[in-house]
Amino acid sequence: MAQRITPRSKNYSDWYVDIVLNAKLADYSPVKGTMVIRPRGYALWERMQSALDAMFKATGHENAYFPLLIPESFLKKEAEHVEGFAPECAVVTHGGGEELDEPLVIRPTSETIIWSMYKKWIQSYRDLPLLINQWANVVRWEKRTRLFLRTTEFLWQEGHTAHATEKEAREEALRMLEVYRTFAEEYMALPVYTGVKSESEKFAGAVDTYAIEAMMQDRKALQAGTSHFLGQNFAKAFDVTFQSQESTLEHVWATSWGVSTRLIGALIMAHSDDSGLVLPPKLAPTQVVVIPIFKNDTKDQVIEFTRRVHASLGKDLRTVIDEDDKNSPGWKFSEWEMVGVPVRVEIGPRDMERGQAVLVRRDTGEKSTVPVAEVAGRVHSLLDEIQTSLFRKAKAFQTECTHEVDTYEDMKRVLENEGGFVVAPWDGSPESEARVKEDTKATIRVLPFGNEEKAKGKTCAISGKPAKHIAVFAKSY
RNA sequence: CGGGAUGUAGCCUAGUGGCUAAGGCGCCUGCUUUGGGAGCAGGAGAUCGGAGGUUCGAAUCCUCUCAUCCCGACCA
């Protein structure tokens with residue numbers, strides 16, 4: 001048998017690419033840095049979309065759609081924003097066979113075009129808050145790409161909200177960060193650290209960037225979602241004002257927040273193994289596969305029996321039955337493991353005689369034999385167990401990968417040898433932050449909420465000066 | 001954009017100047033099979049990434065070019 005997936009222990013990058021290609025989640029497309037999301041990958045995205053979209057709606061947001069093309073001049077209106085994004089913008093210079101008067105930028109993000117519209121839509125405090133989300137594609141010209149994790153074009157959602165007060169906008173940014181944390185933990189079974197980004201890591205144009213950071217199996221961190229408090233930066237750049245209840249003219253306060261198809265990469269790298277994908281049941285496009293095992297003389301009876309068991313699972317689960325008679329059962333087992341279906345139900349002639357079925361967990365490989373009458377109930381509880389168990393396992397790994405250190409020697413040693421998150425006192429200076437990056441390639445992933453209190457009386461692990469923060473460092477994607 | 005590597009059938013690989021480019025996987029047809037990636041027989045599928053050059057003769061040597069992957073600098 002040919003090994004189709006490079007073991008993680010041999011080469012983690014190859015393993016990741018093998019999983020994506022062999023599980024048919026995506027494929028390389030002709031333009032460098034772009035990829036095709038194949039049906040199995042897109043189905044995962046659809047699962048994520050529907051869960052997130054419901055959460056956005058539940059917090060009062062509405063969906064809309066803004067255009068792909070943005071006048072170049074819009075981007076230049078916010079100084080930091082243009083500085084941050086100009087190098088990675090794709091620009092359209094020709095259209096209709098003629099050179100355009102003004103080049104058009106393909107959106108790397110939509111703040112500018114959205115705020116140009118918000119100027120038209122907002123006059124009074126009665127128009128606020130304005131809570132809009134869009135599901136869209138964006139383009140950022142990346143030099144180094146990786147399937148799902150970093151591609152030139154990707155899919156995401158971007159929420160853009162406008163508020164009357166700073167307090168309300170900050171609350172919104174934190175509320176959406178919490179939505180992302182909940183989604184990551186409850187749906188993706190992925191524990192995350194939350195907090196605020198350092199000055200050098202924050203979004204171009206934001207006052208504060210909040211993020212969720214997850215740990216991958218190779219002990220590198222991955223930013224899985226961001227939420228920005230934009231202050232009045234864009235309101236001022238686009239002159240968006242409203243008349244308050246007290247009749248004063250004020251600039252609007254803003255947030256934006258997003259997660260992308262990168263989450264699919266996070267999901268793969270968090271849970272999968274050398275046999276293929278491992279998916280949390282809540283997001284798995286197919287939750288249960290039923291495989292009849294038959295010989296020629298028993299084929300009809302076994303299939304008939306298997307169909308009844310399959311039907312007994314009910315309509316609330318996403319299930320398939322694999323009746324193909326060309327491939328052997330062993331082949332099917334491997335194939336469905338590759339795809340990451342959480343529970344497999346095997347039914348052969350012996351099971352039929354005894355009125356039972358064999359259930360197999362994808363995450364642990366554990367097999368159990370269950371009377372057919374109990375299959376539906378047992379499958380439901382197994383799916384719950386798998387969801388919980390994946391999270392627990394990932395949580396234990398996150399804990400194991402988190403090291404608190406006080407000295408620079410320890411910091412370098414841990415980052416070099418063990419990887420993972422390093423939690424250390426930091427003086428808050430860009431110099432110390434830069435030194436760590438220079439020496440270890442690690443960056444500050446997040447400054448946890450409330451870290452300033454804990455930093456009191458401590459000294460910076462890098463400079464030895466009084467610490468202002470307790471920072472979480474890691475090498476990252 | 002620097003450093004490294006690789007381009008031969010859908011995929012993986014052999015072939016380092018000489019006959020009609022070889023094998024495995026996959027694919028198609030038929031039969032036989034089916035409890036962890038089955039077996040037999042037959043079959044289709046390649047102008048060897050592209051262009052130019054050297055040579056009686058090039059997948060193989062030279063020049064240029066394109067693409068992809070890996071490692072760095074930049075980023076969700």
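The values are calculated or read from the model by the stated rules, or taken from the named source; none is laboratory data. Keep in mind that what you see is a predicted model, and the values were worked out from it rather than measured. Glycine gets a Cβ as well: all are built from the backbone with ideal geometry, and neighbour counts include every protein chain shown.
For the stretch A:281-293, the count of residues that are farther than 30 Å from A:ARG126 by Cα, within 16 Å of RNA strand B (Cβ to nearest atom) and either within 16 Å of the chain's Cα centre (by Cα) or of a type outside the set (A, V, I, L, M) (or both) is at least one.
Taking first residues from the stretch A:19-45 that are under 15 Å from A:ARG150 (Cα atoms) and partners that are part of a strand (DSSP E or B) and acidic (Asp, Glu), the Cβ contacts under 7 Å between residues at least 6 apart in sequence or on separate chains come to A:THR34/A:GLU153; A:MET35/A:ASP27; A:VAL36/A:ASP27. Within the stretch A:347-358, is there a residue that is surrounded by fewer than 18 Cβ atoms within 10 Å (Cβ to Cβ), basic (Lys, Arg) and touching a Ser or Thr at 6+ places or on another chain (Cβ under 9 Å)? Yes, the stretch A:347-358 has at least one match.
Of everything in the stretch A:1-46 that is among the basic types (Lys, Arg), in a loop (DSSP other than H, G, I, E, B) and surrounded by 13 or more Cβ atoms within 10 Å (Cβ to Cβ), the residue that is nearest to RNA strand B (Cβ to nearest atom) is A:ARG4.
Scan the stretch A:222-250 for residues that are among the hydrophobic types (A, V, I, L, M, F, W, C), more than 10 Å from RNA strand B (Cβ to nearest atom) and touching a strand residue (DSSP E or B) at 6+ places or on another chain (Cβ under 9 Å) and the total you get is 7. Residues that are more than 8 Å from RNA strand B (Cβ to nearest atom) and within 17 Å of A:ALA43 (Cβ to Cβ) within the stretch A:323-342 comprise A:TRP336, A:VAL339, A:GLY340, A:VAL341, A:PRO342, listed in sequence order.
Every residue, every condition in (1) buried (at least 16 other Cβ atoms within 10 Å of the Cβ); (2) within 16 Å of RNA strand B (Cβ to nearest atom); (3) assigned by TED's automatic domain parsing to the domain that holds A:LYS202, yes or no:
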site: A:SER368; (1), (2), (3): no, yes, no
site: A:GLN387; (1), (2), (3): yes, no, no
site: A:LYS412; (1), (2), (3): yes, yes, no
site: A:LYS437; (1), (2), (3): no, yes, no
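Of the helices (runs of 4 or more DSSP H) contained entirely in the stretch A:326-436, those carrying at least 1 residues that are among the β-branched types (Val, Ile, Thr) fall at A:329-339, A:372-400, A:408-417.
When A:GLU83 is tested against (1) closer than 21 Å to A:TYR187 by Cα; (2) assigned to a helix (DSSP H, G or I), just one condition goes unmet, and that condition is (1). Restrict the check to the stretch A:87-97 and report whether at least one residue is small (Gly, Ala, Ser) and within 15 Å of RNA strand B (Cβ to nearest atom). Checked the stretch A:87-97: at least one residue is small (Gly, Ala, Ser) and within 15 Å of RNA strand B (Cβ to nearest atom).
Across the stretch A:59-77, a minimum of one residue is classified as buried (at least 17 other Cβ atoms within 10 Å of the Cβ), touching a Phe, Trp or Tyr at 6+ places or on another chain (Cβ under 7 Å) and on the phi < 0 side of the Ramachandran plot.
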